[in-house]
């Protein structure tokens, strides 16, 4: 009988150590800082458009513009081609890096 009690006490210590270790592993890391790198809006994928909350019609207009051999070279031209709102262009916390070097950069994530 004493052997059994010792076994139970030993397992409770192990369980507590596991709980501490699991808590340490699952706790958010304060040192992790994700930053979005600038990207060329001429090559927006479906996924990137989804992440940017860009309507599918706007992506279709951009793809049609690109199929004609044209390039988007400025934020104004990007907005003209895609017909997205000013708010959507400004709300995006991502970076848009255009061919001519102009960049919209607001609080990278």
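The values are calculated or read from the model by the stated rules, or taken from the named source; none is laboratory data. Since the model is a prediction, treat every value here as computed from it, not as a measurement. We place every Cβ from the backbone using ideal geometry, glycine too, and count neighbours over all the protein chains shown.
Within the stretch 70-87, being touching a residue at least 24 places away in the same chain (Cβ under 8 Å) and closer than 16 Å to residue 57 by Cα holds for 78, 82, 83, 84. Would you check which residues across the stretch 68-102 are at pLDDT below 80, in a loop (DSSP other than H, G, I, E, B) and exposed (fewer than 15 other Cβ atoms within 10 Å of the Cβ) and list them? Residues satisfying the conditions are 93, 99, 100, 101, 102.
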